[in-house]
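Below is one structure, written out as structure tokens, with a few remarks after it.
The values are calculated or read from the model by the stated rules, or taken from the named source; none is laboratory data. A quick note: this is a predicted structure, and the numbers were derived from the prediction, not measured. A quick note on method: Cβ atoms are made from the backbone with ideal geometry, for glycine too, and the neighbour counts reach across all protein chains shown.
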Amino acid sequence: MLAKEKHLQEVLKRRRALEIQCAGELAGKSRIVLEIGCGHGHFLTAFAQTHGDRFCLGIDLLSRRIRLANEKRNKRGLSNLLFIKAEGIEILNAMPEGVSLETIFLLFPDPWPKKRHHRRRLMQAEFLGKLAQRTIAGGRIFFRTDHAEYFQWCAKRISEHSEWDLGQEVAWPFEVGTYFQDLMESFYSLSAIRAGPSR
């Protein structure tokens, strides 16, 4: 019991620290581009460098990746880019109330191919609902994977969700070679649009 209580206290402490960090780093921001699972930051750094009028936030679970990504940002002097260590649900809960998402990138997330691990996949109904709450009407998810079964699995869950619409396919908004993508012989891409009233 004591171990569980200690773990809970650590989780709450981490969440509170993330809220404080987001309150400071995202102060004055209203609409942002979010990459979930940013790796070493190759894609989002190039995107932010090309789209200087948009504020970009990348998150990942590994401290080393975030450190390397922020080094890229600092080397290029990009004031419209930030990388934070966080999970997807964590960042959505920690963002200040006035901050909304306009574009979300999910590039080559872990497909968790074994059936018993499917509950760990990111594109669950709860996550899609939370993401929708934070996304402006007309905002888009751009998703890419090299795993065919995972692609179909995600497309089905998005199509079944009342707050997202696969609709007509749109052109991929930005292309740049990345570590993971350059390893792939082929991959699958989709986009979904946020339906319903604006935030």
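Name the residue, out of Ala17, Ala23, Ala3, that is farther than 22 Å from Asp110 by Cβ, out of contact with any Ser or Thr (no Cβ under 7 Å at 6 or more places or on another chain), of a type in the set (A, V, I, L, M) and in contact (Cβ under 8 Å) with a residue 24 or more places away in the chain.
Matching residue, one of Ala17, Ala23, Ala3: Ala23.
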Just to be sure I understand the filter: pairs with C-beta atoms under 8 Å, separated by 6 or more residues or on different chains, first member in the stretch 127-151 and hydroxyl-bearing (Ser, Thr, Tyr), second member assigned to a helix (DSSP H, G or I) and crowded, with 21+ Cβ neighbours inside 10 Å. Which pairs pass?
Thr145/Cys154
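Considering Ile136, Ile66, which residue is out of contact with any Phe, Trp or Tyr (no Cβ under 6 Å at 6 or more places or on another chain) and of a type in the set (Val, Ile, Thr)? Spell out the reasoning first.
Values: Ile66 fails: out of contact with any Phe, Trp or Tyr (no Cβ under 6 Å at 6 or more places or on another chain).
Exactly one residue qualifies, and that residue is Ile136.
Touching a Lys or Arg at 6+ places or on another chain (Cβ under 8 Å), polar (S, T, N, Q) and surrounded by fewer than 18 Cβ atoms within 10 Å (Cβ to Cβ), is that true of Ser189?
Here the answer is yes, as Ser189 does meet what is asked.
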All but one of (1) of a type in the set (Ser, Thr, Tyr); (2) modelled with pLDDT under 85; (3) in contact with an Asp or Glu (Cβ under 9 Å, 6 or more places away or on another chain) hold for Thr178, so report the exception by its number.
(3)
Which pairs turn up if I take residues in the stretch 40-67 that are farther than 20 Å from Glu90 by Cα and look for partners that are of a type in the set (Ser, Thr, Tyr) and in a loop (DSSP other than H, G, I, E, B) with beta carbon separation below 6 Å, at least 6 apart in sequence or on another chain?
His42/Thr178; Phe43/Thr178
Looking at the stretch 145-156, can you tell me whether even one residue there is surrounded by 16 or more Cβ atoms within 10 Å (Cβ to Cβ) and more than 20 Å from Cys38 (Cα to Cα)?
yes
Taking the stretch 1-54 as the region of interest, how many residues are assigned to a helix (DSSP H, G or I) and under 17 Å from Asn74 (Cα atoms)?
10
